[in-house]
Amino acid sequence: MKLAVVYWSGTGNTQAMAEAVAAGAKEAGAEADLFNAGEFDASKTAEYDAFAFGCPAMGAEELEDSEFLPMWEAVSGSLSGKRVSLFGSYGWGDGEWMRTWQDDAPCDILETYICQELPGEAEEAQCRALGEHLVK
């Protein structure tokens with residue numbers, strides 16, 4: 001099983017989550033590659049069995065629109081039949097951006113996970129579990 005963990009992070013919070021997701025997948029025996037949103041495009045989707053996409057809540061609880069959103073719009077249509085999870089961090093609000101992101105996705109989403117600010121030990125464990133679940 002090969003997993004792509006693709007994320008955008010402005011403060012490092014979502015990056016820490018991405019690293020934990022990848023670590024969980026590796027602990028479960030999978031190969032996991034980390035990509036910043038600007039490094040990933042639709043031509044790479046055929047190389048992977050599963051995907052974890054991470055983006056923090058921005059502005060009025062929306063996806064980051066200069067790098068992450070264009071990448072997501074370009075690749076999401078090619079994810080049909082693949083195992084896909086979403087994750088991200090937020091500073092305020094109630095996670096509405098994640099519900100909207102999941103509801104609007106053109107592919108099936110296996111699960112989502114959000115945490116407020118920098119993930120602590122418990123949140124990192126949840127991210128590792130997300131990575132493990134994606135590849136089992």
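Suppose a student asked you for the relative contact order of the chain, using Cα pairs under 8 Å spaced at least 6 residues apart; what percent would you report?
33 percent
In whole Å, what is the distance between the alpha-carbon centres of region 44-90 and region 6-23?
12 Å
Work out the length of the dipole vector of the chain about its Cα centre, built from +1 on the beta-carbon of each Lys and Arg and -1 on the beta-carbon of each Asp and Glu, and round it to the nearest 20 debye. Walk me through the numbers before you get to the answer.
Working: 8 positive and 25 negative charges, 101 e Å.
Here the size comes out at about 480 debye.
Rounded to the nearest 5, what % of DSSP beta bridges with both residues in the chain are antiparallel? Write out the running numbers ahead of the final one.
Numbers: 1 of 23 bridges.
Expressed as a percentage, antiparallel bridges in the chain total about 5.
Spin-label point model (7 Å from Cα, Cβ direction): what's the E39 to S66 distance in nm?
A separation of 2.0 nm, rounded to one decimal place.
In deg cm²/dmol and to the nearest 500, what is the mean residue ellipticity at 222 nm of the chain if only DSSP H runs of at least 4 residues count, each as -39500 (n - 2.57), divided by the residue total?
On the way: 4 runs with 46 residues, N = 136.
It lands at -10500 deg cm²/dmol.
Can you find, among A30, G93, A74, the residue sitting farthest towards the positive end of the charge dipole of the chain, where Lys and Arg contribute +1 and Asp and Glu -1 at Cβ?
Final value for the positive-end residue is A30.
Go through region 68-78 residue by residue and turn each phi into a ³J(HN,Hα) via Karplus (6.51, -1.76, 1.60, θ = phi - 60°); whole Hz please, and just put x for glycine and proline.
Result, ordered by residue: 5, 4, x, 5, 4, 4, 6, 9, 4, x, 9 Hz.
List the residues whose amide H sits under 5 Å from the amide H of F87, counting only those 5 or more places along or on another chain, with H placed 1.01 Å from N in the peptide plane.
F53, G54, C55, Y113
Relative to the present Cα-Cα distance, how much length would full extension add between K26 and A74 at 0.36 nm per residue of separation? Before the final figure, lay out each step's value.
Values: separation 48, 0.36 × 48 = 17.28 nm, distance 2.67 nm.
That pair, K26 and A74, stretches by 14.6 nm at full extension.
If r is the Cβ-Cβ distance from L118 to W92 and R0 is 25 Å, what FRET efficiency results, to the nearest 0.05?
Values: r = 14 Å, r/R0 = 0.58.
In this case the efficiency is close to 0.95.
How large is ³J(HN,Hα) for each residue in region 34-48, as worked out from phi by the Karplus curve 6.51 cos²θ - 1.76 cosθ + 1.60 (θ = phi - 60°), to whole Hz, x for Gly and Pro?
Once rounded to whole Hz, the list reads 9, 9, 6, 3, x, 9, 10, 8, 4, 5, 8, 5, 5, 7, 10.
Give me the one-decimal Kirkwood hydrodynamic radius in Å for the chain, with the sum taken over alpha-carbon pairs.
Numbers: mean 1/r = 0.0699 Å⁻¹.
By the Kirkwood definition, the hydrodynamic radius is 14.3 Å.
Share of the chain's accessible area from carbon and sulfur, percent, 1.4 Å?
Values: 2760 of 6300 Å².
Carbon-and-sulfur percentage of accessible area, whole number: 44.
The values are calculated or read from the model by the stated rules, or taken from the named source; none is laboratory data. On a predicted model such as this, the values are computed, not experimentally measured, just so you know. Please note: Cβ atoms are built from the backbone with ideal geometry, for glycine as well, and neighbour counts cover all protein chains shown. In case anyone asks, the SASA skips ligands and DNA or RNA and just uses the protein heavy atoms, side chains included. Shrake-Rupley method; radii C 1.70, N 1.55, O 1.52, S 1.80 Å.
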